[in-house]
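Heads up, the thing below is written out as structure tokens.
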Amino acid sequence: MEHKDNQQASEEPNAVQEREITPSTPEEFGLVQAWWGDGKGKTTAALGMGFRAAGQGYRVHLLQFMKGGADSVEDVRGEYNAIAAMPAISYENAGHYGWHGRLDNSSDEDHESEATAGLKRATELLDAASESDLKSSFPLDSDPEDGVHMLILDEILYAANRGLVDPEDVLGLIERKPANLELVLTGSHDSPEFLYDHADLVTEVGKEKHPIGQGQPARKGTEF
């Protein structure tokens, strides 16, 4: 197939026109979303939405719970490199090494301590957003403590499901959320019933078939 350069492609009918990412303000942000289930793709879906928002020039921040590296997963995940290369989106990790409940020599107390620290950090970020003007734009490389339009709390529902944080504290985060902040929560194989009266969108990601059942470990580029 003959390759067409960008100029040729742009002359084609209905060609997609890329544009520079510049600071912008969302018109309809402010919902609470939850992604849970035993299928692969909860974090992937949240990150995809985060990149989509960042591509519109909205300020996005990802705070990860329970992803602190393990023998089968590298500390530097693919999403971290992608985030570093992408304007308007940033991340931080509040996870302890290993995975809670697994025989990997990690301490339950350490997992709980890190999750508690993550909860405190989420509170700080929400309070900072409350003190910011979310109806305005932010510099693409601004500090998340200056305010963000979308905050993704990845795996926080796992932390609640496993008793590392209290579900009531998760509801407390929702109550602290300013009106124009889009708050995204992911994690948990069990239905987060405590959330249903407080979230605007709840999506179950269901597993029909997964290679982990045949012993396939996490793969670089798909799981991390």
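Here are some notes:
- Sole exception among (1) of a type outside the set (V, I, T); (2) under 22 Å from L140 (Cα atoms); (3) in contact with an Asp or Glu (Cβ under 7 Å, 6 or more places away or on another chain); (4) at pLDDT 95 or above for G57, by number: (3)
- None of D104, D71, D110 is in contact with a strand residue (DSSP E or B) (Cβ under 9 Å, 6 or more places away or on another chain), at pLDDT below 85 and surrounded by fewer than 19 Cβ atoms within 10 Å (Cβ to Cβ) except D104.
- Odd one out for F138 among (1) in contact with a Gly (Cβ under 7 Å, 6 or more places away or on another chain); (2) modelled with pLDDT of 95 or more; (3) over 19 Å from M49 (Cβ atoms): (3)
- Tallying residues that are β-branched (V, I, T) and under 16 Å from V170 (Cα atoms) within segment 189-224 yields 1.
- K4 falls short on exactly one of the conditions (1) modelled with pLDDT under 90; (2) within 13 Å of the chain's Cα centre (by Cα); (3) among the basic types (K, R), and that condition is (2).
- Selection from segment 14-35 of residues that are aliphatic (A, V, I, L, M) and surrounded by 13 or more Cβ atoms within 10 Å (Cβ to Cβ): I21, L31, V32, A34
- Sole exception among (1) outside any helix (DSSP H, G or I); (2) modelled with pLDDT under 95; (3) over 23 Å from I83 (Cα atoms) for R19, by number: (3)
- All positions within segment 153-169 that are without any contact (Cβ under 8 Å) to a residue 40 or more places away in the chain and either acidic (D, E) or crowded, with 21+ Cβ neighbours inside 10 Å (or both): A160, D166, E168
- Subset of segment 135-172 [closer than 23 Å to L201 by Cβ, touching a helix residue (DSSP H, G or I) at 6+ places or on another chain (Cβ under 7 Å) and assigned to a helix (DSSP H, G or I)]: P144, I156, A159, A160, P167, D169, V170, L171
- Test: residue in segment 118-135 that is in contact with a His (Cβ under 9 Å, 6 or more places away or on another chain), under 24 Å from A45 (Cβ atoms) and at pLDDT below 95: no
- Search result, residues across segment 164-204 that are out of contact with any strand residue (DSSP E or B) (no Cβ under 9 Å at 6 or more places or on another chain) and within 13 Å of L119 (Cβ to Cβ): L164, V165, D166, P167, E168, D169, L171, G172, R176
- Checking E175 against (1) at pLDDT 95 or above; (2) assigned to a helix (DSSP H, G or I); (3) crowded, with 16+ Cβ neighbours inside 10 Å, the condition it does not meet: (3)
- Residues in segment 188-211 that are of a type in the set (D, E) and without any contact (Cβ under 8 Å) to a residue 12 or more places away in the chain: E193, D197.
- Restricting M66, M150 to those that are modelled with pLDDT under 90 and buried (at least 18 other Cβ atoms within 10 Å of the Cβ) reduces the list to M66.
- Residue count for segment 26-69, restricted to those that are of a type in the set (A, V, I, L, M, F, W, C), touching a Pro at 6+ places or on another chain (Cβ under 8 Å) and within 18 Å of E92 (Cβ to Cβ): 2.
The values are calculated or read from the model by the stated rules, or taken from the named source; none is laboratory data. As the structure is a prediction and not an experimental result, all values here were calculated from the model. Note that each Cβ is placed from the backbone with ideal geometry, even for glycine, and that neighbours are counted across all protein chains shown.
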